[in-house]
Each structure stands twice: as structure tokens, then as C-alpha cells.
């Protein structure tokens, strides 16, 4: 794992997240149940809450500041798959309570949280050597034991996963808007042309 490369990629994801937060309400807050039970705003809220937790795990290993730290361990098979391929199966994971989004996140608070995540990411980029040298592992509840570089890789993979869902929600929303605004052809045939009544001679 290369935390410098992963943090560089994550910086680009955070720029994408900032762009999402510039969307108008009609793009940021709708839910498209066929894609996800969460709105784009809720996905952003979840991502930022998750980054707080994931960065915390990497920082704990960097500083040796957790009683949970184990001297050694490995990711489970699914964890290795996620880290190596960068792919997370949709609908399979269960977010911890601390990372669950608000029902309708406030845009301003999301922007504040995004600023905090960006600053923290930049600070970690300045300490990548320490992340590589950090000893021990901390457990992920579903994916197994991660060292500090693994936590950084997962932060990037997880963020990309949710941004892809946000993009899918937005595409489906746009299609739905077009479909709902379209006038059925049958109705078009019933309309008199040029405002002339059908009974006119």
C-alpha cells in the first residue's frame, strides 16, 4: 500500500465532493430508491463521518495510541479484495452508527466537515513516512485487520464507492425528470392546432 498515492487520489475525491455540495437542492436531496435509500447529501454526510473514523484509525496506529492495537494481523479475504481491486460490493456493508447520515443533512455543516477532512488529509500527506513505519494493526469489523496504510487505502476506496453511487442517483434522477416532463404522444394528437376548435368549420 502506498499512502502518498492514496492520499493524492483522495484529495481528488474531496474535490469531487465539494462539487456535489454546490448542486442545487433538487439534485442534492432527492432519493432514488432504485439506486439507494440515501440521497446524495446523505452519502456525502456518511463519507465525511466515515473519513473522521478512518483517519482516526490511521492516526492511532501512527502514534501508537490505542489499546486495540494488535502487533500483527491480516485483512480477511473480502478485505484483501477491496484493498487490491478498489471495489466494494453495493448493499453488502453495514455502516457503524457513528457514520450514519442525518435524514436531511445541512449543506453548511457538510461544507465545514469537508473542510476538516481536507485539512486532515493534507496533514496526513505530510506524514506518509510515519504512516508506512507505523507498527501494528487495528480491526475493521467486517474486513479484518488493517495497518495504517491499509486504513488510508480504504478511506480512498470507500469515498470513491459512495461518489459512484451519488453519480448513479443523479443520472437516474435526471432521467426521471425528463420522463415526468414529457407529454404523451396520445395527448399531443388530441390537441387542436393553432388554437382552432375541433368544431370550427
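Bear in mind that the values in this text are calculations on the coordinates, not laboratory data. If you're wondering where the values come from, they're calculated on a predicted model, not measured in any experiment. We place every Cβ from the backbone using ideal geometry, glycine too, and count neighbours over all the protein chains shown.
Roughly what would the spin-label model give for residue 15 and residue 175, points 7 Å off Cα along C-beta, in nm? Result for the modelled spin labels: 2.9 nm. Counting only alpha carbon atoms, the long axis of helix 40-63 and the longest principal axis of the chain meet at about 10°.
The order of 39, 66, going from fewest to most other C-beta atoms within 10 Å of their C-beta, is 66, 39.
The helix-based estimate of mean residue ellipticity at 222 nm for the chain, built from -39,500 (n - 2.57) per DSSP H run of four or more residues and divided by its residue count, is -19500 deg cm²/dmol to the nearest 500.
Compared with the direct C-alpha span, the chain from residue 142 to residue 84 gains 19.3 nm at full extension, assuming 0.36 nm per residue.
Computed from Cα atoms, the angle from the helix 3-20 axis to the main principal axis of the chain rounds to 30 degrees.
Just check region 35-103 against the gyration tensor rule for me: Cα atoms, a ≥ b ≥ c as the square roots of the eigenvalues, rounded for a/c under 1.5, and otherwise prolate or oblate depending on whether a/b exceeds b/c.
oblate
Listed from fewest to most Cβ neighbours within 10 Å, the set 166, 32, 112 follows the order 112, 32, 166. A straight chain from residue 111 to residue 77 at 0.36 nm per residue would run longer than the Cα-Cα distance by 8.7 nm. The long axis of helix 148-181 is offset from the longest Cα principal axis of the chain by roughly 0 degrees. Each peptide in 101-108, 2-9 receives the mean, over its residues, of other Cβ atoms within 10 Å, and ordering these scores from highest gives 2-9, 101-108.
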